[in-house]
Amino acid sequence: MVPVGVEIKETEVSDEDFAEMKGFVRDYLSASVESEDDGGRMRWYPWHSSSYRFNHILNVVDLASEIAEAEGADVDVVRVAAVFHDVAKLEAEQDVHAEAGARVAREYLQSRGNYPESFIEEVCGAIVDHSYTGDLADVPLESRCLIEADVLDKVGANGAVLMLLRMGYESRTHMDAAKMVDRVLQRAHDHTDRVVSDSAESIAHQRIKRVKWLREWLEEEVTRMDAEGVTDR
């Protein structure tokens, strides 16, 4: 007999099942790029590659799981939604990729395993919500954890390196590096203003510190930056 007040967990995703989900998503992304015509939509852009997108997904899984555990969310819902959240990113337009990803996740979860429909609905709902740009207090806790993780992966050391990679595509020299890192700092502050959970805010502040350190090192080592009037944030 279950004691009164104890919530019965409907589903548990085993490590083996989750590993299979990750493998499916990795292969789906690779197939999406390989099937593109004319060399691929935005193939020249480094973060359009399947390897970058899958790495981003794994980063979001880790961040979202950490936030979910700290905030008391359903970790199974959050991590499954996280692993599928960008599965359709390379084949669908930006404004519909969340809905497309939810359809892929639904088909997968309904055809593999014995997941309750309520669990599938929560997962797909969080995937759809992850592109929501409004107040995070207005979405379910599991959706919020995923959104916060998604935006946090774009800041910190990872975000700074991606911004610096972009310099080559814009024909910039290393003299512009601090300016590019300043963009990461601005985005980091914007994202920090948006997150609402204590755990996500703590992660954001840690990542901002790393970017500030990089920015300070650049200013010390590339002396021309001072002459050009580049200032720290």
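Summary table below
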| item | result |
| --- | --- |
| The stretch 83-100, residues that are part of a loop (DSSP other than H, G, I, E, B) and more than 20 Å from residue 59 (Cα to Cα) | 91, 92, 93 |
| Index of the failed condition, residue 66 passing every other in (1) part of a helix (DSSP H, G or I); (2) more than 30 Å from residue 212 (Cβ to Cβ) | (2) |
| Output for the stretch 98-146, where each listed residue is among the β-branched types (Val, Ile, Thr) and out of contact with any Leu (no Cβ under 6 Å at 6 or more places or on another chain) | 104, 123, 127, 128, 133, 139 |
| Complete set of residues in the stretch 86-127 that are surrounded by fewer than 19 Cβ atoms within 10 Å (Cβ to Cβ), within 18 Å of residue 144 (Cα to Cα) and within 17 Å of the chain's Cα centre (by Cα) | 99, 125 |
| Residues being open to solvent by 10 Å² or more (accessible area, probe 1.4 Å) and either at pLDDT below 90 or in a helix (DSSP H, G or I) (or both) - total across the stretch 136-151 | 7 |
| In the stretch 168-192, residue nearest to residue 215 (Cα to Cα) [restricted to those that are among the polar types (S, T, N, Q) and modelled with pLDDT of 65 or more] | 186 |
| Cβ-Cβ under 6 Å pairs, at least 6 apart or on other chains, the stretch 125-150 side closer than 17 Å to residue 61 by Cβ and charged (D, E, K, R), far side open to solvent by 40 Å² or more (accessible area, probe 1.4 Å) and assigned to a helix (DSSP H, G or I) | none |
| Number of the condition not met by residue 154 [criteria: (1) open to solvent by less than 50 Å² (accessible area, probe 1.4 Å); (2) modelled with pLDDT under 90; (3) of a type in the set (Lys, Arg)] | (1) |
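The values are calculated or read from the model by the stated rules, or taken from the named source; none is laboratory data. Note that the structure is a prediction, hence the values are computed from the model and not measured. Here Cβ is always computed from backbone atoms with ideal geometry, including for glycine, and neighbour counts include all displayed protein chains. Calculation scope for accessible area: heavy atoms of the full protein, side chains included, ligands and nucleic acids excluded. Shrake-Rupley method; radii C 1.70, N 1.55, O 1.52, S 1.80 Å.
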